[in-house]
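*Asks:* Supplied in structure tokens, the structure appears directly below.
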Amino acid sequence: MVPETPLPPVPADPGPPRWRSIPGYEVLGLLGRGGFGEILSARRLADGRTAAVKLARVELGRAREQIHREAQALRSLGPPLVPELLEEGVLEDDAPYLALERILAPSLAERLSAAGGPMDPDELRERALALANALSSLHARGWTHGDLKPGHLLLGEGAMRLIDLGLAVRPGDPLARPVVPAGAFAGTAPYMAPEQVRGEPSDARSDVYAAGAILFEMATGRPPFEGAPGEIRQAHLALRPPRPSDLAAVPDPLEGVVLRCLAKEPASRFADGAALHAALAAAFARPGAARAPSRRPGAPAVSRRLVGVLRFESGADLLSVKRASEAAGGRLAH
């Protein structure tokens, strides 16, 4: 659970910050902030119910369209798979918002952080099947998540709940183009499928790739690729992931499932969450022995990197060039 950040004291005449006034709700604090907008903790005045209010940045083009599509996904999927949609609205300054059920449950990201390494085999089996089952339900209803990662998975007894469907789409919908700030990527680097990195349309197999990266992390204690976001995205495009059994004691059947999820070509992956669930159930049913890892857990993978050699003249100082390179996801080597 993300702790609330208390709101700062209100000056005598603070002006009207738009997120202090959500019709029908009392704003309690800030839960998070990103490129798309803010997530606020709130209480519904009518019945005292706690809520999470997702408030989009009004300056983002097509923000209302994307908020509306997320609302459609939430209504279509419904609890317990996703939070209940309490209200969809637009503020006076045209900023769209969603009021959602606030789920007070830990995320998979928090659980992985607490574990500090590979999950216990029994918990790994339970969580892996719950993840695949949630994906199966999502895909069966015609939606893909688009930003699947441990922080967007809430843990329950034998189940997982999906949150933050801001990039959810119905594959084939010509209007289903995620809204992201200029220069940003639609997704989170460690869990992005190669086609997402290239800016191509995604489908259920893109979610399967993300699930493979999450399963890899659950089994080994780290995602397949590590480094700066730009390096990670390039690795998804060009590098083969390490074998999970090189990093932790992972049985062969499970390793085979994870590596198939992480295939570069979508056609080589499992077709959807249902196919992944069936493969995982079969893998866990097999007694395949886990080999001792060939590398110390946490040791960096040895791999080749693609680099670019660029010659140019500039009046800027070296530090400015370095900062500009890093802001674009690159790294100045020499």
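The values are calculated or read from the model by the stated rules, or taken from the named source; none is laboratory data. Nothing here was measured: the structure is a model prediction, and the numbers come from that model. Reconstructed Cβ throughout: ideal geometry from the backbone, glycine too, with neighbour counts over all protein chains shown. All accessible areas refer to the heavy atoms of the entire protein, side chains included, with ligands and DNA or RNA removed. Shrake-Rupley method; radii C 1.70, N 1.55, O 1.52, S 1.80 Å.
*Asks:* Does the stretch 45-66 contain any residue that is in contact with a helix residue (DSSP H, G or I) (Cβ under 6 Å, 6 or more places away or on another chain) and over 22 Å from Asp147 (Cα atoms)?
*Replies:* no
*Asks:* Which of the residues spanning the stretch 22-46 are within 18 Å of the chain's Cα centre (by Cα), surrounded by fewer than 21 Cβ atoms within 10 Å (Cβ to Cβ) and outside any strand (DSSP E or B)?
*Replies:* Gly34, Gly35
*Asks:* Which is within 15 Å of Ala128 (Cα to Cα), modelled with pLDDT of 95 or more and part of a helix (DSSP H, G or I), of Ile232, Ile214?
*Replies:* Matching residue, one of Ile232, Ile214: Ile214.
*Asks:* Quickly run through the stretch 200-241 and pick out the residues that are more than 17 Å from Ala115 (Cβ to Cβ) and basic (Lys, Arg).
*Replies:* Selection gives Arg205, Arg233, Arg240.
*Asks:* Please tell me if Arg111 is free of Cβ contacts under 8 Å to residues at least 60 places away in the same chain, among the basic types (Lys, Arg) and open to solvent by 40 Å² or more (accessible area, probe 1.4 Å).
*Replies:* For Arg111, the condition - free of Cβ contacts under 8 Å to residues at least 60 places away in the same chain, among the basic types (Lys, Arg) and open to solvent by 40 Å² or more (accessible area, probe 1.4 Å) - is met.
*Asks:* Scan the stretch 83-96 and report the pairs whose first residue is in contact (Cβ under 8 Å) with a residue 40 or more places away in the chain and whose second residue is of a type in the set (Ser, Thr, Tyr) and part of a strand (DSSP E or B), with Cβ atoms within less than 7 Å and a gap of 6+ or a chain change.
*Replies:* Gly89/Tyr97; Leu91/Tyr97
*Asks:* Among the listed residues Glu255, Glu231, which satisfies the condition of being in contact with a Gly (Cβ under 9 Å, 6 or more places away or on another chain), farther than 20 Å from Val197 by Cα, buried (at least 16 other Cβ atoms within 10 Å of the Cβ) and among the charged types (D, E, K, R)?
*Replies:* Exactly one residue qualifies, and that residue is Glu255.
*Asks:* Further question: Output the residues belonging to the stretch 210-234 that are in contact (Cβ under 8 Å) with a residue 12 or more places away in the chain and of a type in the set (Gly, Ala, Ser).
*Replies:* Ala210, Ala211, Gly212, Ala213, Ala219, Gly221, Ala228, Gly230 - these are the residues of the stretch 210-234 that are in contact (Cβ under 8 Å) with a residue 12 or more places away in the chain and of a type in the set (Gly, Ala, Ser).
*Asks:* Only one residue in Leu167, Leu131 is out of contact with any Ser or Thr (no Cβ under 6 Å at 6 or more places or on another chain), modelled with pLDDT under 95 and closer than 21 Å to Glu195 by Cβ, so which one is that?
*Replies:* Selected residue: Leu167, the only one of Leu167, Leu131 that is out of contact with any Ser or Thr (no Cβ under 6 Å at 6 or more places or on another chain), modelled with pLDDT under 95 and closer than 21 Å to Glu195 by Cβ.
*Asks:* Condition first: polar (S, T, N, Q), modelled with pLDDT of 85 or more, surrounded by fewer than 20 Cβ atoms within 10 Å (Cβ to Cβ) and part of a strand (DSSP E or B). Can you find one or more residues in the stretch 47-59 that meet it?
*Replies:* At the first step, the residues of the stretch 47-59 found to be polar (S, T, N, Q) are 50.
Filter once more, keeping what is modelled with pLDDT of 85 or more: 50.
Pick out the ones that are also surrounded by fewer than 20 Cβ atoms within 10 Å (Cβ to Cβ) and you get 50.
When the remaining residues are screened for being part of a strand (DSSP E or B), the result is 50.
Within the stretch 47-59 (the criterion being polar (S, T, N, Q), modelled with pLDDT of 85 or more, surrounded by fewer than 20 Cβ atoms within 10 Å (Cβ to Cβ) and part of a strand (DSSP E or B)), the answer is yes, since at least one residue qualifies.
*Asks:* Which residue pairs have Cβ atoms under 7 Å apart, sit 6 or more places apart or on different chains, and have a first residue in the stretch 115-142 that is over 23 Å from Arg205 (Cβ atoms) and a second that is of a type in the set (Phe, Trp, Tyr) and open to solvent by 30 Å² or more (accessible area, probe 1.4 Å)?
*Replies:* Sorted first by the residue in the stretch 115-142, then by its partner, the pairs are Arg125/Phe284.
*Asks:* Can you tell me which residue in the stretch 72-108 is most open to solvent (accessible area, probe 1.4 Å), limited to those that are of a type in the set (A, V, I, L, M, F, W, C) and part of a loop (DSSP other than H, G, I, E, B)?
*Replies:* To start, the set of residues in the stretch 72-108 that are of a type in the set (A, V, I, L, M, F, W, C) comprises 73-74, 77, 81-82, 85-86, 90-91, 95, 98-100, 103-105, 108.
The next check asks that each one be part of a loop (DSSP other than H, G, I, E, B); those that pass are 81-82, 91, 95, 103-105.
Working: Leu81: 16, Val82: 0, Leu91: 17, Ala95: 0, Ile103: 34, Leu104: 115, Ala105: 18 Å².
If we take residues in the stretch 72-108 being of a type in the set (A, V, I, L, M, F, W, C) and part of a loop (DSSP other than H, G, I, E, B), then Leu104 is most open to solvent (accessible area, probe 1.4 Å).
*Asks:* A further question on this structure: Checking Pro224 against (1) outside any helix (DSSP H, G or I); (2) modelled with pLDDT of 95 or more; (3) surrounded by fewer than 23 Cβ atoms within 10 Å (Cβ to Cβ), only one condition comes out false. Which one?
*Replies:* It fails just one condition, (3).
*Asks:* Within the stretch 133-166, take every residue that is among the polar types (S, T, N, Q) and more than 21 Å from Ala71 (Cβ to Cβ) and give me the one that is least open to solvent (accessible area, probe 1.4 Å).
*Replies:* Once the filter is applied, the top-ranked residue is Ser136.
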